[in-house]
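**Q** Sharing a structure with you now.
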Amino acid sequence: MFAIGANAIVAAPMISTYCIMSLVWSRIFLKEKLSKAQYAVIAVAAVGIAILGME
């Protein structure tokens, strides 16, 4: 909570990467199979987070 209060511009994108990293790590460590559509959504979300982080 301190990170959100102290530096929300940096904290918000870092917090939002949690769901994307969970998907990527499940692919790596649990060997889950993802479809092309799921990879596309991960890419779109990553681009959105990067744009959010640039502001």
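The values are calculated or read from the model by the stated rules, or taken from the named source; none is laboratory data. Since this is a predicted model, take the numbers as computed values, not measurements. Only protein heavy atoms, including side chains, enter the accessible area calculation; ligands, DNA and RNA are left aside. Shrake-Rupley method; radii C 1.70, N 1.55, O 1.52, S 1.80 Å.
**Q** Hey, any hits in the stretch 30-46 for a residue that's open to solvent by 80 Å² or more (accessible area, probe 1.4 Å), of a type in the set (A, V, I, L, M, F, W, C) and at pLDDT below 85?
**A** No - not one qualifying residue is present in the stretch 30-46.
**Q** Residues in the stretch 13-23 that are open to solvent by less than 50 Å² (accessible area, probe 1.4 Å) and aliphatic (A, V, I, L, M): how many?
**A** Result for the stretch 13-23: 1.
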